[in-house]
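Step one of this worksheet: look at the structure below.
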Amino acid sequence: MSFHSVPIASFGLDPSNEDNLHNPASVGMKITIVGSGDAFGSGGRAHTCIRLDAKAATVVVDFGSGAMTAWQKLGFDSNDIDAIVVSHLHGDHFGGIPVLLLHAQYVAHRRKPLLIVGPPGLKTRLREMLDLLFPGSPTADWNFAWQVREIPGGRKITVAGLSLETFDVIHSPGSMPTGVRLSDGKHVFAYSGDTAWTDVLYKIAADADLFLIECSSGDEPIPDHLHWPQLKGKIGGFSAKRIVVTHMGPSAIAKIPEMQAAGLIAANDGLSLDL
């Protein structure tokens, strides 16, 4: 493998750049569920990956281990991505980033910068993962500038022209779990990340145009995740306009008819929704 040196420059995006658009300007924001699976790929679903196309930029929320395959099956170009937001540090949510970076280098011949935002510890774990899977790659000369910005829960920053707000949720502590809200000023996409029940979910979802929420089990409670009987009893407290259920294990997938009867949308790989 050979690399060509490009200095790591400060990250900047031009919101007026039409190359950043995947969807026509007539649609304010478009959400595509690239991967809707749990950590085990239940039901043949890809690991978590959500594409958000706005006028300002294309932002991806999570890029799990199998997301590159799912991304290409949908005919997407990795050069479209302006920024990646990582909800927490589990492989099914950020484990595909090393392959994405190398695809950008060797296949897509990327030149524009890439910003990767996530919880504290992301920079170290990503570089360790790169070096483990592709030795020497973290210190190689890249064709494009990429950088990692770490933010904890409870912060609000601007990412690629969009407002990003993070929230602390309840998951395995070492994963540094967060829920997120992304807004272009008119539309709001909200995402629970992986979490056990917490009333913070009401705040994450508040008045969002679309709220994506995990539901890993259809019956029995499992640690650090939501299960359907619990979520079903909480639905009335959400003010989001639409709720999409994702990250479903086999028993949750079996409950999809019940979820739909309750007015929820069941995520699947390739599902696309306009806000």
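In the stretch 160-186, the residue that is farthest from PRO223 (Cα to Cα) out of those that are aliphatic (A, V, I, L, M) and crowded, with 22+ Cβ neighbours inside 10 Å is ALA160. Scanning the stretch 24-37 for residues that are crowded, with 23+ Cβ neighbours inside 10 Å and part of a loop (DSSP other than H, G, I, E, B) gives a single hit, SER36. Among the residues making up the stretch 165-189, those that are in a strand (DSSP E or B) and either at pLDDT below 95 or β-branched (Val, Ile, Thr) (or both) are THR166, THR178, VAL180, VAL188. PRO223 meets the stated requirement of being surrounded by fewer than 23 Cβ atoms within 10 Å (Cβ to Cβ) and either closer than 27 Å to ASP82 by Cβ or at pLDDT 95 or above (or both). Of the residues that sit in the stretch 259-271 and are under 17 Å from GLY37 (Cβ atoms) and either touching a Ser or Thr at 6+ places or on another chain (Cβ under 6 Å) or of a type in the set (A, V, I, L, M, F, W, C) (or both), which one is surrounded by the most Cβ atoms within 10 Å (Cβ to Cβ)? Filtering first and then ranking leaves ALA267. May I ask you to verify whether PHE189 is surrounded by fewer than 22 Cβ atoms within 10 Å (Cβ to Cβ) and either charged (D, E, K, R) or in contact with a strand residue (DSSP E or B) (Cβ under 9 Å, 6 or more places away or on another chain) (or both)? So PHE189 does not fit the description; no. Scanning the stretch 192-214 for residues that are of a type in the set (Asp, Glu) and crowded, with 24+ Cβ neighbours inside 10 Å yields a count of 2.
Applying the set (1) buried (at least 24 other Cβ atoms within 10 Å of the Cβ); (2) on the phi > 0 side of the Ramachandran plot to GLY136 leaves exactly one unmet item: (1). Taking the stretch 73-95 as the range and being part of a loop (DSSP other than H, G, I, E, B) and closer than 13 Å to ILE50 by Cα as the test, the residues that pass are LEU74, PHE76, ILE81, VAL86, SER87. Restricted to the stretch 109-124, and to residues there that are crowded, with 21+ Cβ neighbours inside 10 Å and of a type outside the set (Gly, Ala, Ser), the residue that is farthest from MET176 (Cα to Cα) is ARG110.
Only one of the listed residues (SER217, SER239) is of a type outside the set (Asp, Glu) and loosely packed, with under 14 Cβ neighbours inside 10 Å. That residue is SER239. Within the stretch 38-58, residues that are within 20 Å of PRO223 (Cβ to Cβ) and part of a loop (DSSP other than H, G, I, E, B) reach partners that are hydrophobic (A, V, I, L, M, F, W, C) and at pLDDT 95 or above with beta carbons closer than 6 Å, at six or more positions or on different chains, in the pairs HIS47/ALA67.
The values are calculated or read from the model by the stated rules, or taken from the named source; none is laboratory data. Just so it is clear, the model here is predicted, and its values are computed rather than measured. Please note: Cβ atoms are built from the backbone with ideal geometry, for glycine as well, and neighbour counts cover all protein chains shown.
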